[in-house]
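*Asks:* I have a structure here, written as C-alpha cells, and I will follow up with some questions on it.
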Amino acid sequence: MNKIYNHKEVEEKIYKKWEDSGSFKPEVNPNGQPYSIILPPPNANAPLHFGHAMYVVEDILVRFRRMMGHATLWLPGTDHAGFETQFVFERELQREGKSRFDYDREKLYQMIWDFVESNRGEMEKQLKSLGFSLDWDRMRFTLDPEIIKIVYKTFKKLYDDELIYRDLKLINFCTHDGTSFSDLEVKHIEQKDPLYYMRYGPFSLATVRPETKFGDTAVAVHPDDKRYKKYIGKEIEFESLIGRVKLKVIGDSAVDPEFGTGVVKVTPSHDFNDFEMGKRHNLPMRQVIGFDGRLTSLTGKYKGLKVAEARRIVSEDLKKEGLLEKIDERYTHTVATCYKCGRVLEPLPLEQWFVKVKPLADAALNAIKKGEIKFIPKRFEKTASTWLENFHDWNISRQLVWGIRIPAWKCKDCSKWTVTEGMVPEQCPNCKSKELVQDTDTFDTWFSSGQWPYATLLSQSRISNFQLPISNEDINISQDFKKFYPTSVMETGYDILPWWVVRMIMLGIYETGKVPFKTVYLHGLVRDQKGKKMSKSRGNVINPIDMAEKYSADAVRMALIFGASAGNDLSLSEDKIRGMRNFTNKIWNIARFIDLKRETRNPKLEIRNNLTIEQLSNLATTQTDKEMIKLVEELVKRTTKHIEKFELNLAAEGLYEFMWHEFADKYIENVKGRLDKDSYIIVNTLYLILLRLLHPFMPFITEEIFGKFSGNNSLLITEKWPKAE
RNA sequence: GGACUUGUAGCUCAGUGGUAGAGCGCUUCAUUGACAUUGAAGAGGUCAGAGGUUCGAUACCUCUCAGGUCCACCA
C-alpha cells in the first residue's frame, strides 16, 4: 500500500463497481423493509454548488439503511426550473445580441431544450463524483412525458374539484422578464422615494406614483374623517394634465386618516389596496401601464413612456401647472421587486389560473398536527404551519415558454374554458364550436415539482406509453409507488420550505390521500469560512467538485457533516476540508499498518472478517484488548442511535474522534509491540467494524480498504451494519 | 409591524440540568518502519448581560443588549 491515500486512483473505479453491481437499487435487499428518499431535483441547467453537496446527508441515511438491510431507494431527478432557466438562457441570448422576441414559441422552446440538454450530463457526473448512491435507472426529469401527464391529471382533478379557478386579479408582474409571479417570488425591499402632494380639485393628496393618476377611478377618504365627510358620495371635477376629470369620492375604512392628507387616489388597476377598494365600491378599472412597462394610450401624450420617465415628466408637468404642492423627499416605504432581476414589479391586472389554497392547506395542517410528518429540527413544524395558515391563493400561470404548457383551451366563440388532462378538445362543450385556442402560459415550476414525490414514483410504472387520460389502473400498476410511497425522508434546505416542502405536502395529500414523506429534514445553508453567504459577486464561492478533486470526495463529505447540526447554517473553509483529508490519510495508514504486519510476519498473519463481538472477546487476553472491544461496542451503539435520530454530526464527530485518537493514537500504539496471532485478529476485526461505521460518511476510502482486506468480491456498501449485542 | 434564529477558546462551530468540547490556528518538544496529510505535552473560555426556577444552569423561563434570516397591501 502507498504511504499516502490517493483518492484519484480510487473514486471513479469504486463508483463503477458499486453501480455495476446494482448496489444502488432497492432490489439488493429484496425482502427488506422499504426506505426511500427522493432527491430534491437540481436545476437541469445549472452546475452543482455546495448546497447540492449537502445531499450527502441523504447519501448517509441511504447507505446506513442499505447496510441495515432495508430495500433502499434513492431516486434522482432534475427540474426544468422554468423561470430560472429561461432567465439564464435569455442572458445567453443577450450576449449574442438577441432576445426572446426574435423567436417564435416553438423555436425558443427547442433552443432552451438543447441548452439544458447540453448541461445535464455534467450534473450527473458531479453527483457521482461525490459518491451519491442514486439509482440512476430511475432518473426522472420534470419534462418527461410521464411526469407531464401526471401533472396534467392533477390540474384537471383540481379544476373539476373547483380548487382551480381563472380570475382577473392584480398580479405581480415583471415587465422586464415578461411574466407574473406568485406571492413567494416577490422580494420586498425598503426604498426611499419622493412622496408627491398633488392638487385634486378641493383636495390635496399624497402619492409616490403620480404617473398612475390617469388610472384613477375614485378618490377615497376615511368614512369618519370629519374634514372630508361631506364629500363622500359626491363627484369632484377638476382640470388634470390630460383634460378635465370627474372622480367619485368614496368612504373606505382602509384609508388611514393620519397618512399624508388623509385623502387617497384610487387606482384599481395598479395597486393592490385600490383593487380591493375598487371591488368593494364597484369602481371601473383603467389600465394605464401595459405589460411592456410603458404607459398605455389612456394616458394621452404620455403614452409609450416607461414608468420611471413618466413619473419624472408627469411630476414636472404637474409642477408647471401649479398642481404639485410639495414633495417629501425623505419618504421610505417598501416596494415589491423581482427576486431574479431586482427590478420593481408592477401590479397589473391579468387573468391567471389560481389554486384555491385553503382546503389543501387545511388538510396539510391537519396532517402535521396529527404528527404524520416529523420535522427536523422541530422548530420548522411551526414555520411550515405558519405558512400554511397564511397562504394566499396560488397563481400558477407563468408567461414563459420554458415549462409545462397549461392544458386549457379557450373557445373563440363563447369564451368558455375547457380543461383537459392534456388531450386537445375537439369542440367546445358549451357551444360546440371547433375554434379553440390553448392558453399560451405554462405552469409555475413549483406546481410540477410540488408533485415530485408521487410523480416520480408513479411514473416508474413499466408500462412505457400509457395513454391519456391515465387510468387509475395504470397508476396502480406502479410497484414503486406502492412500495415506496409515502417516502421516508425529504431532505432539503430550509430556504425552500414554503416554496417546495409545503406545496408537496398539500398536493401530495390531495392527490394520494397520504403525506408524501414521513420526515422532513432541513439542512442549513453552506456559507464561507467567515459565515458569509457564498455568492459569485463576493467571489467567495467554493466549488465542491474542485474540492473533491483536490482533497477527495470523502473529505468534502465529512467536512459538510462534521460540526453541522440540522437547520443551522454551516461555515465551510478549505482548511476544514484539508483537515478531513488528513483524516482519510489516518484511516489509510491504520490499514497500512495492519497490512504491513501481515506481510512481514512469518508465518503470515491472517485478516478475519465477520467475527462477532462475543467471539472477539473470547480471543482477548489482555485488559487493553478487552476494554477496546467494549469501547467499539459502545461506539456501534452510539453511532447507530445518532444516525437514527438524524444527529449525523454527532455520529461523524464520534467516529472521527474514536478512529483517530482512541484506535490509532492509543490502541495501535499499545498493541504495536505485542502483536500475536490472536491480538492481530482483534485489531483487524475491530478496524473492519470501524470501517463499516464510517462507510456511510466516507464511502470511497472505506470501500477501497475493505476490498483489500476482505479478499473475496463482497462490497462494503452492501455489508451488514455492525450490531452491538 | 410580525415570526424565527444566533451570541461557547484567536477563527469557524458542536454540545450537555452537575463546575466546558472539536476542527483550524498558536507554544514547546519528539520523530529514519502505519502516518510530517505525524505523535506527545501545553496555553487559551466568570459558555453576551441581568433576573428567576432548581440542591445545582452555559443548558429551562423572563427581560436587556448585539447580530442574522424570513414574512407583511400602508397610498
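The values are calculated or read from the model by the stated rules, or taken from the named source; none is laboratory data. Since the model is a prediction, treat every value here as computed from it, not as a measurement. Ideal geometry is used to build each Cβ from the backbone, glycine not excepted, and the neighbour counts take in all protein chains shown. We work out accessible area using only protein heavy atoms, side chains counted, and drop any ligands, DNA or RNA first. Shrake-Rupley method; radii C 1.70, N 1.55, O 1.52, S 1.80 Å.
*Asks:* Which residue is farthest from RNA strand B (Cβ to nearest atom), if the candidates are limited to the stretch A:499-520 and must be open to solvent by 10 Å² or more (accessible area, probe 1.4 Å) and farther than 13 Å from A:Ala363 by Cβ?
*Replies:* Once the filter is applied, the top-ranked residue is A:Lys518.
*Asks:* Starting from the stretch A:242-261, take each residue that is free of Cβ contacts under 8 Å to residues at least 12 places away in the same chain and list its partners that are part of a strand (DSSP E or B) and more than 6 Å from RNA strand B (Cβ to nearest atom), counting only C-beta distances under 6 angstrom and pairs at least six apart or across chains.
*Replies:* Here the result reads A:Lys246/A:Glu235; A:Lys246/A:Glu237, each pair linking the stretch A:242-261 to a residue that is part of a strand (DSSP E or B) and more than 6 Å from RNA strand B (Cβ to nearest atom).
*Asks:* Out of all the residues in the stretch A:674-691, is one or more open to solvent by 10 Å² or more (accessible area, probe 1.4 Å) and within 11 Å of RNA strand B (Cβ to nearest atom)?
*Replies:* yes
Per-residue answers, yes or no, for (1) surrounded by fewer than 21 Cβ atoms within 10 Å (Cβ to Cβ); (2) within 16 Å of RNA strand B (Cβ to nearest atom):
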residue	(1), (2)
A:Asp328	yes, yes
A:Asp362	yes, no
A:Thr383	yes, yes
A:Leu388	no, yes
A:Arg398	no, no
A:Ile404	no, no
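*Asks:* Tell me whether the stretch A:630-645 contains one or more residues that are open to solvent by 90 Å² or more (accessible area, probe 1.4 Å), within 12 Å of RNA strand B (Cβ to nearest atom) and not in a helix (DSSP H, G or I).
*Replies:* Yes, the conditions are met somewhere in the stretch A:630-645.
*Asks:* Looking for something within 16 Å of RNA strand B (Cβ to nearest atom) and either in a loop (DSSP other than H, G, I, E, B) or at pLDDT below 95 (or both) - is there at least one such residue anywhere in the stretch A:409-416?
*Replies:* No: zero hits.
*Asks:* Within the stretch A:260-311, which residues are among the aromatic types (Phe, Trp, Tyr) and either more than 16 Å from RNA strand B (Cβ to nearest atom) or closer than 20 Å to A:Ile242 by Cβ (or both)?
*Replies:* A:Phe291, A:Tyr302
*Asks:* I would also like to ask the following. Considering only the stretch A:265-272, I want to know if a residue exists there that is closer than 17 Å to A:Lys326 by Cα and at pLDDT 90 or above.
*Replies:* Checked the stretch A:265-272: at least one residue is closer than 17 Å to A:Lys326 by Cα and at pLDDT 90 or above.
*Asks:* In this structure, is A:Asp216 modelled with pLDDT of 90 or more, closer than 30 Å to A:Thr179 by Cα, of a type in the set (Asp, Glu) and open to solvent by 20 Å² or more (accessible area, probe 1.4 Å)?
*Replies:* Here the answer is no, as A:Asp216 does not meet what is asked.
*Asks:* So which of A:Leu716, A:Leu694, A:Leu688 ends up being touching a residue at least 12 places away in the same chain (Cβ under 8 Å), of a type outside the set (Asp, Glu) and under 22 Å from A:Glu614 (Cβ atoms)?
*Replies:* Of the residues listed, the single one that is touching a residue at least 12 places away in the same chain (Cβ under 8 Å), of a type outside the set (Asp, Glu) and under 22 Å from A:Glu614 (Cβ atoms) is A:Leu688.
Residues are listed down the side, and each one gets a yes or a no for (1) on the phi < 0 side of the Ramachandran plot; (2) free of Cβ contacts under 8 Å to residues at least 12 places away in the same chain; (3) not acidic (Asp, Glu):
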position	(1), (2), (3)
A:Met504	yes, no, yes
A:Glu511	yes, no, no
A:Pro516	yes, no, yes
A:Gly539	no, yes, yes
A:Tyr551	yes, no, yes
A:Ala555	yes, no, yes
A:Phe562	yes, no, yes
A:Ala591	yes, no, yes
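*Asks:* Can I ask one more? Just the residues that are assigned to a helix (DSSP H, G or I) and not charged (D, E, K, R), please, taken from the stretch A:499-520.
*Replies:* Within the stretch A:499-520, A:Trp499, A:Trp500, A:Val501, A:Val502, A:Met504, A:Ile505, A:Met506, A:Leu507, A:Gly508, A:Ile509, A:Tyr510, A:Thr512 meet the criteria.
*Asks:* Out of (1) over 22 Å from A:Trp499 (Cβ atoms); (2) surrounded by fewer than 20 Cβ atoms within 10 Å (Cβ to Cβ); (3) in contact (Cβ under 8 Å) with a residue 24 or more places away in the chain; (4) of a type outside the set (Phe, Trp, Tyr), what's the single condition that is false for A:Leu73?
*Replies:* With respect to (1) over 22 Å from A:Trp499 (Cβ atoms); (2) surrounded by fewer than 20 Cβ atoms within 10 Å (Cβ to Cβ); (3) in contact (Cβ under 8 Å) with a residue 24 or more places away in the chain; (4) of a type outside the set (Phe, Trp, Tyr), A:Leu73 is out only on (2).
*Asks:* Given the options A:Asn568, A:Asn609, name the one that is touching a residue at least 40 places away in the same chain (Cβ under 8 Å) and open to solvent by 50 Å² or more (accessible area, probe 1.4 Å).
*Replies:* The unique qualifying residue is A:Asn568.
*Asks:* Condition check: farther than 30 Å from A:Leu694 by Cβ and surrounded by 15 or more Cβ atoms within 10 Å (Cβ to Cβ). Does A:Arg100 satisfy that?
*Replies:* yes
*Asks:* In the stretch A:318-351, what residues are among the acidic types (Asp, Glu) and modelled with pLDDT of 90 or more?
*Replies:* Residues satisfying the conditions are A:Glu346, A:Glu351.
*Asks:* Which residues, taken from the stretch A:349-380, are among the aliphatic types (A, V, I, L, M), closer than 28 Å to A:Asp161 by Cα and not in a helix (DSSP H, G or I)?
*Replies:* A:Leu350, A:Val355, A:Ile373
*Asks:* State yes or no: is A:Ala664 more than 29 Å from A:Lys518 (Cβ to Cβ), in contact (Cβ under 8 Å) with a residue 12 or more places away in the chain and among the small types (Gly, Ala, Ser)?
*Replies:* yes
*Asks:* Go through (1) open to solvent by 80 Å² or more (accessible area, probe 1.4 Å); (2) under 38 Å from the mean Cα position of the chain (by Cα) one by one and return the number of the condition A:Val288 breaks.
*Replies:* (1)
*Asks:* Does A:Ala548 meet the test of being part of a helix (DSSP H, G or I), within 10 Å of RNA strand B (Cβ to nearest atom), open to solvent by less than 10 Å² (accessible area, probe 1.4 Å) and under 30 Å from A:Thr702 (Cβ atoms)?
*Replies:* Answer is no for this residue.
*Asks:* For the stretch A:133-221, list the strands (runs of 3 or more DSSP E) that sit wholly inside it and hold at least 3 residues that are touching a Ser or Thr at 6+ places or on another chain (Cβ under 9 Å); which are they?
*Replies:* In the stretch A:133-221, A:164-174, A:186-192, A:195-200, A:203-207 are the strands (runs of 3 or more DSSP E) which contain 3 or more residues that are touching a Ser or Thr at 6+ places or on another chain (Cβ under 9 Å).
*Asks:* Here is a follow-up. Has the stretch A:76-96 got at least one residue that is closer than 30 Å to A:Lys720 by Cα, in contact with a strand residue (DSSP E or B) (Cβ under 9 Å, 6 or more places away or on another chain) and open to solvent by less than 10 Å² (accessible area, probe 1.4 Å)?
*Replies:* yes
*Asks:* Identify, from the list A:Tyr231, A:Tyr196, A:Tyr165, the residue that is open to solvent by 30 Å² or more (accessible area, probe 1.4 Å) and within 16 Å of RNA strand B (Cβ to nearest atom).
*Replies:* Exactly one of A:Tyr231, A:Tyr196, A:Tyr165 is open to solvent by 30 Å² or more (accessible area, probe 1.4 Å) and within 16 Å of RNA strand B (Cβ to nearest atom), namely A:Tyr231.
*Asks:* Could you identify the single residue in A:Glu190, A:Glu239 that is at pLDDT below 90, open to solvent by 60 Å² or more (accessible area, probe 1.4 Å) and more than 9 Å from RNA strand B (Cβ to nearest atom)?
*Replies:* A:Glu239
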